[in-house]
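This report refers to the structure that appears directly beneath it.
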Amino acid sequence: KVAIKTVTPKNLKSNVLVKRFMNMASMAWRLNHPYIVQIYDTGISREFQMHYVVMELIEGETLREVLNRQKKLPVETTCKIISHLASALSFAHRQNIIHRDVNPSNIILTKNDYIKLIGLALSKVIDPNEQRIDLTMKGQAMGTMGYIAPEQAKSAAEVDFRADIYSMGVIF
């Protein structure tokens, strides 16, 4: 079983949104980690005229949903979630990837008590040896307000790994 994510028809006219969507899959080979959603395939269906990403199907609920219901989690559970998130972010950062949207809606708590970090569409690859198109303009904020670092609210194009660490701290 897999999950298939597509670009909504209203966003197909935005080249930047389509590129962000496909960017998510282009970095998948770097992010094979137990606490990060696994992306298996990406492409464009000519038959259905749609961009798609095939990814791991994760059964569970987002941390946002759990917090809306429970308001507060036990310390032991919270520490386990943050430990898993720190492991996922550390791995992504070693692959030169900044998530840029770490928030409770992008963390799924699985049925076997693990987390899966999702929401990679805003991720940024920082590798001076790679030729890439910057999709984020200087001075442009992105991410979920209330969870992003002040410097990310000022300019998401210029953030480094510390922005993800800040977001993790806010969640904690």
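Bear in mind that the values in this text are calculations on the coordinates, not laboratory data. From a predicted model like this one, the values you see are computed outputs, not experimental measurements. Note that each Cβ is placed from the backbone with ideal geometry, even for glycine, and that neighbours are counted across all protein chains shown.
Report the GluC sites (Glu not before Pro) located in the range 49-107 that are in a DSSP loop and have at most 15 other Cβ atoms inside 10 Å of their Cβ, or state none.
E59
What pairs from K72/K124; K1/K116; K19/K154 go past 21 Å between their alpha carbons?
From the list (K72/K124; K1/K116; K19/K154), the Cα-Cα distance tops 21 Å for K72/K124; K19/K154.
For a Förster distance of 25 Å, can you work out the FRET efficiency between the beta-carbons of E61 and K19, rounded to the nearest 0.05?
For R0 = 25 Å, the calculated efficiency reads 0.25.
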